[in-house]
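Student: Dropping the structure in here first, questions after.
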Amino acid sequence: ISLSRWLTSVPDYCKWNKASIEAALHFVNEDENVDQVVLIGDAPPNNILMDELQSLCQRGLTVNSFYLGEPAKSAFQNMSNATGGNCQRLDIDMYSADGTEQLAGIISKTVLKARGGDKLVAAY
């Protein structure tokens, strides 16, 4: 639900450029109902996000990030490390079912871990 609210509240020019990360994290910090952050992207943010990341940490939220290409790797690792989250490369090939399955598995495991810990992840 929060994802759809964010997508309808952010101007189009922010969704498809580097400002989308800043806008998304700001939105998360404004929404008390968000209990986890999963960030997927192919580019680093424009700005240093320490204020937004600090706010996430104060709320006990982690950023689990998945970068699609090397340009985003360092920034995504830094965001995840700063919040105690995990970061990994997401190999999505639009012509491969493997990429779709990898994404579904990653998201499922992230949600299950947040809801019930390692026991639910192991059952998956």
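Student: Testing Ser74 on (1) closer than 23 Å to His26 by Cα; (2) free of Cβ contacts under 8 Å to residues at least 12 places away in the same chain; (3) among the polar types (S, T, N, Q), one condition comes back false. Which one is that?
Tutor: Checking Ser74 against (1) closer than 23 Å to His26 by Cα; (2) free of Cβ contacts under 8 Å to residues at least 12 places away in the same chain; (3) among the polar types (S, T, N, Q), the one that fails is (2).
Student: Can you tell me which of (1) in a helix (DSSP H, G or I); (2) closer than 25 Å to Tyr124 by Cα; (3) at pLDDT below 85 is the one Ser20 doesn't meet?
Tutor: All conditions are met except number (2).
Student: I need the full set of residues from region 45-59 which are in a helix (DSSP H, G or I), of a type in the set (A, V, I, L, M, F, W, C) and open to solvent by less than 100 Å² (accessible area, probe 1.4 Å), in order please.
Tutor: Listed by number, the residues that qualify are Leu53, Leu56, Cys57.
Student: Looking at region 89-109, is at least one residue of a type in the set (Phe, Trp, Tyr), outside any helix (DSSP H, G or I) and exposed (fewer than 12 other Cβ atoms within 10 Å of the Cβ)?
Tutor: yes
Student: Could I ask something else about it? So which of Asn47, Asn64, Asn86 is in contact with a strand residue (DSSP E or B) (Cβ under 9 Å, 6 or more places away or on another chain) and within 22 Å of Ala23 (Cβ to Cβ)?
Tutor: Of Asn47, Asn64, Asn86, the one residue that is in contact with a strand residue (DSSP E or B) (Cβ under 9 Å, 6 or more places away or on another chain) and within 22 Å of Ala23 (Cβ to Cβ) is Asn64.
For (1) modelled with pLDDT of 80 or more; (2) over 14 Å from Leu39 (Cα atoms), each residue gets a yes or a no:
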| site | (1), (2) |
| --- | --- |
| Gln88 | yes, no |
| Asp91 | no, yes |
| Tyr95 | no, yes |
| Asp98 | no, yes |
| Gln102 | no, yes |
| Leu112 | yes, yes |
| Asp118 | yes, yes |
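Student: How about region 60-86: which of its residues are on the phi < 0 side of the Ramachandran plot and open to solvent by 40 Å² or more (accessible area, probe 1.4 Å)?
Tutor: Of everything in region 60-86, those that are on the phi < 0 side of the Ramachandran plot and open to solvent by 40 Å² or more (accessible area, probe 1.4 Å) turn out to be Thr62, Leu68, Glu70, Pro71, Lys73, Ser74, Gln77, Asn78, Asn81, Ala82, Asn86.
The values are calculated or read from the model by the stated rules, or taken from the named source; none is laboratory data. Quick caveat: nothing in here was measured; it's all calculated off a predicted structure. Heads up, the Cβs are rebuilt from the backbone with ideal geometry, glycines too, and the neighbour counts pull from every protein chain shown. Side chains are part of the model used for accessible areas, which takes the heavy atoms of the whole protein and leaves out ligands, DNA and RNA. Shrake-Rupley method; radii C 1.70, N 1.55, O 1.52, S 1.80 Å.
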